[in-house]
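What follows is one structure encoded as structure tokens, with my remarks underneath.
The values are calculated or read from the model by the stated rules, or taken from the named source; none is laboratory data. From a predicted model like this one, the values you see are computed outputs, not experimental measurements. Counting neighbours? That spans all protein chains shown, and the Cβs are built from the backbone with ideal geometry, glycine included. Calculation scope for accessible area: heavy atoms of the full protein, side chains included, ligands and nucleic acids excluded. Shrake-Rupley method; radii C 1.70, N 1.55, O 1.52, S 1.80 Å.
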Amino acid sequence: MSDTVDKALEMAGLQRDNIDGLIATFLPGTFDGNIALHFYTSQLAQYLGIRPRFLDYVDFGGASALAMLYRAEKAIASGDADNVLLIVGGKASPVRERKVTADSIDRAYKGITLTPFDEYFRTYEDMNPVTDYALVAKRHSHLFGTSDEQRAEIAVKQRFNASGNPSAIYKERIEVKDVISSRIVSDPLRLLEIVYPVDGFHVFVVGKSGGKSNLRPLRIKHFGEAHWPDMPPELPDIVSTPAIESARGARQMLDKIDCFQLYDSFTITVLLQLEDVGLTEKGKGGKFAEEVDFTYQGEIPINTGGGSLNVGQPAYMSGGVILEEALIQLNRMGEGRQVKDVNQVLINGIGGWNRAHSTTMILGE
């Protein structure tokens, strides 16, 4: 984490004593192996040797990074801080080694409950969120006829994008048959449709314009946030996400977006956002994935760096991955996967226990 902070500050042309704001996120067990940390943001500040006058903590899971960026910009605009550090990520391996995920961590640690209602609806051995999204994929297929091959197209096209990303773990191009022949982890989701959790951090620095950085000056052109606190059994249906609400104000701007970065914990997560953000109608995400070229060379570039499916998911949260790729594209740093003339990028984060949160952002000059 400290090394990543130093790299970010070097890009920003700042020192640690220039930082007077800090925003972070945390999932139990995924920062340093501990279930909890007392006054987490204070501990981070102490360890990094910074003295912030503005602190915040965002617990939206994969939707956190975008919410953090929005809150940092507001803090600077209001005079609460001049330069804010955003820290996303952690050490996922202690959880992974126990053969659970961050969303089923109660299976590995005593005295942990995920919700007040676990005894009522968490009656089966699960591997949430894998099993949860598998149920969503099955339901989507039942309602709309979405095929396994259509979901597989998402994995194939994102892998094409990853082949030009030096930071990707997985770069070798694949075909639909490769996805379909990979083993089923939770029916109907196959191995090549599921993100791989890794240890790592993303650090972003948000500051006033006119600093020493050589990066392009950017602002948030639109931001939307939505939260669905209902437990899954109480939702009207499970094939929609809060992006329906968080992206409402962005839909009129879709034709001006040069590329999209959509949260990709699973292929079905991307498919749901294609519909909920407004790129296609509800139920037609499979057809979109099959027929539209959304590689970085295509008509609607999506997840141009390969997404978390190929870069890996730091500490079970992909928000930093898609935000980083948006900034890379806007700064013409895309090397082997740069989209031509990128001036506005739409990013959508999904997170929380069972798709509870969505954040939609448009970044531009």
- Item | Residues within the range 214-236 that are open to solvent by less than 40 Å² (accessible area, probe 1.4 Å) and at pLDDT below 85, tallied | 2
- Message: Among the residues of the range 76-112, what is the count of those that are open to solvent by 30 Å² or more (accessible area, probe 1.4 Å), at pLDDT 95 or above and of a type outside the set (A, V, I, L, M, F, W, C)?
- Response: 4
- What tally of residues in the range 341-365 results from selecting those that are among the hydrophobic types (A, V, I, L, M, F, W, C) and over 13 Å from Lys256 (Cα atoms)? 5
- Name the residues in the range 322-344 that are of a type in the set (A, V, I, L, M) and either open to solvent by less than 10 Å² (accessible area, probe 1.4 Å) or in contact with an Asp or Glu (Cβ under 8 Å, 6 or more places away or on another chain) (or both), would you? Ile322, Leu323, Ala326, Leu330, Val339, Val342
- Task: Being out of contact with any strand residue (DSSP E or B) (no Cβ under 8 Å at 6 or more places or on another chain), under 22 Å from Val198 (Cα atoms) and not charged (D, E, K, R) is the filter here, so list the residues in the range 159-185 that pass it.
- Result: Phe160, Asn161, Ala162, Ser163, Gly164, Asn165, Pro166, Ser167, Ala168, Tyr170, Ile174
- Where residues in the range 276-312 are open to solvent by less than 10 Å² (accessible area, probe 1.4 Å) and polar (S, T, N, Q), which of them is farthest from Thr30 (Cα to Cα)? Thr304
- Please give the number of the condition Val206 fails out of (1) at pLDDT below 95; (2) not aromatic (Phe, Trp, Tyr); (3) not assigned by the TED database to the domain that holds Arg332. (1)
- Message: Given the criteria within 21 Å of the chain's Cα centre (by Cα), open to solvent by less than 40 Å² (accessible area, probe 1.4 Å) and at pLDDT below 95, does Pro242 qualify?
- Response: no
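Let's see how each residue does on (1) buried (at least 18 other Cβ atoms within 10 Å of the Cβ); (2) under 23 Å from Gln313 (Cβ atoms); (3) at pLDDT below 90; (4) in contact with a helix residue (DSSP H, G or I) (Cβ under 9 Å, 6 or more places away or on another chain):
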| residue | (1), (2), (3), (4) |
| --- | --- |
| Ser42 | no, no, no, no |
| Ala65 | yes, yes, no, yes |
| Lys74 | no, no, no, no |
| Phe121 | no, no, yes, yes |
| Thr131 | yes, yes, no, yes |
| Leu143 | no, no, no, no |
| Glu149 | no, no, no, yes |
- Message: Regarding the range 263-275, can at least one residue be identified that is surrounded by fewer than 24 Cβ atoms within 10 Å (Cβ to Cβ) and among the hydrophobic types (A, V, I, L, M, F, W, C)?
- Response: no
